[in-house]
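What follows is a short report on a single structure.
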Amino acid sequence: MSNEKPTFKVDQKIVYPSQGVGKIVEIKERKFKDEMILYYVIYLEVSDMTVLVPVKRCDELGIRAIVSPEEAQKALDMIGEEFEPVTTDWKLRYQMNLELLKKGSVQDIATIVRCLYHRSKIKELPILERKLYDSAKKLLEDEISFALSKSPKEVEALIHAKLEPLGLSRDSKLPQSDDDDFDDENSDFMDDEDEVGEVDDMDKDDDDEGDEE
């Protein structure tokens, strides 16, 4: 029997950085390499996937509880604050923001959204940055929605109001990326795309004690 003690409870909402807001649907033991391991069974609504995550790996993966209403409001307010422009080198900027996504605090996620939204107003985002922005924005909307007990549409409007204090149309879209921004010399970044998409291999049973149901 495992000696691990769960931090989260069944039916509790959690944040799984790079994957989305999820719900603990079960906590169960399972044998792995002759050892009984305690797992969280997490349902991720955004991807309609259920994953098994070892309890002992939650800190390593950055899995955490939904923030308080006060923390959610602070993240919203921070989006509207002035900030130092980041590097114009998109590869470096992408890696910096990817690291923030892995850390996964609500402030980190809000920082990504603010950075990439305003950068998109200067120049179209490359494909990978656009996907990173979309993932971070969805994660931020979902978490703040739960924290403030508001609908995702309401939170989307609040975020937009912070990003565009002059009140530009909510229906305005970010410029779409050209394939020209992602050429062969950038192909070494393709592997990083998995960081913000489907559940990565370290959550699968064959690799690191977790798997997908």
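Going residue by residue through region 112-123, is there one that turns out to be assigned to a helix (DSSP H, G or I), of a type in the set (S, T, N, Q) and closer than 30 Å to residue 24 by Cα?
No, region 112-123 contains no residue that is assigned to a helix (DSSP H, G or I), of a type in the set (S, T, N, Q) and closer than 30 Å to residue 24 by Cα.
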> With respect to the numbered conditions (1) within 21 Å of residue 116 (Cα to Cα); (2) in a strand (DSSP E or B), which one is the sole condition not fulfilled by residue 24?
Replying inline: (1)
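Taking residue 34, is it at positive phi, free of Cβ contacts under 8 Å to residues at least 12 places away in the same chain and under 17 Å from the mean Cα position of the chain (by Cα)? Give the steps one after another, and end with the answer.
Details: at positive phi: yes; free of Cβ contacts under 8 Å to residues at least 12 places away in the same chain: yes; under 17 Å from the mean Cα position of the chain (by Cα): no.
In short, no.
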>> As an exercise: evaluate residue 71 against (1) within 24 Å of residue 117 (Cα to Cα); (2) loosely packed, with under 14 Cβ neighbours inside 10 Å and give the number of the one condition it does not meet.
In response: (2)
>> Return the residues of region 38-65 that are surrounded by 20 or more Cβ atoms within 10 Å (Cβ to Cβ) and in a strand (DSSP E or B); say none if nothing qualifies.
In response: 39, 40, 42, 51, 52, 53, 54
>> Suppose we keep only residues that are in a helix (DSSP H, G or I), open to solvent by 70 Å² or more (accessible area, probe 1.4 Å) and of a type in the set (Lys, Arg) within region 130-161. Which one would you say is nearest to residue 20 (Cα to Cα)?
In response: 138
>> Return the residues of region 62-102 that are touching a Lys or Arg at 6+ places or on another chain (Cβ under 9 Å) and more than 24 Å from residue 164 (Cβ to Cβ); say none if nothing qualifies.
In response: 62, 63, 65, 66
>> Condition first: without any contact (Cβ under 8 Å) to a residue 24 or more places away in the chain and under 16 Å from residue 128 (Cβ atoms). Now tell me which residues in region 72-87 satisfy that.
In response: 87
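The values are calculated or read from the model by the stated rules, or taken from the named source; none is laboratory data. Quantities reported herein were computed from a predicted structural model and do not represent experimental measurements. Note: ideal-geometry Cβ built from the backbone for every residue, glycine included; neighbour counts use all protein chains shown. Accessible surface is based on the protein model in full, side chains and every heavy atom, while ligands, DNA and RNA are left aside. Shrake-Rupley method; radii C 1.70, N 1.55, O 1.52, S 1.80 Å.
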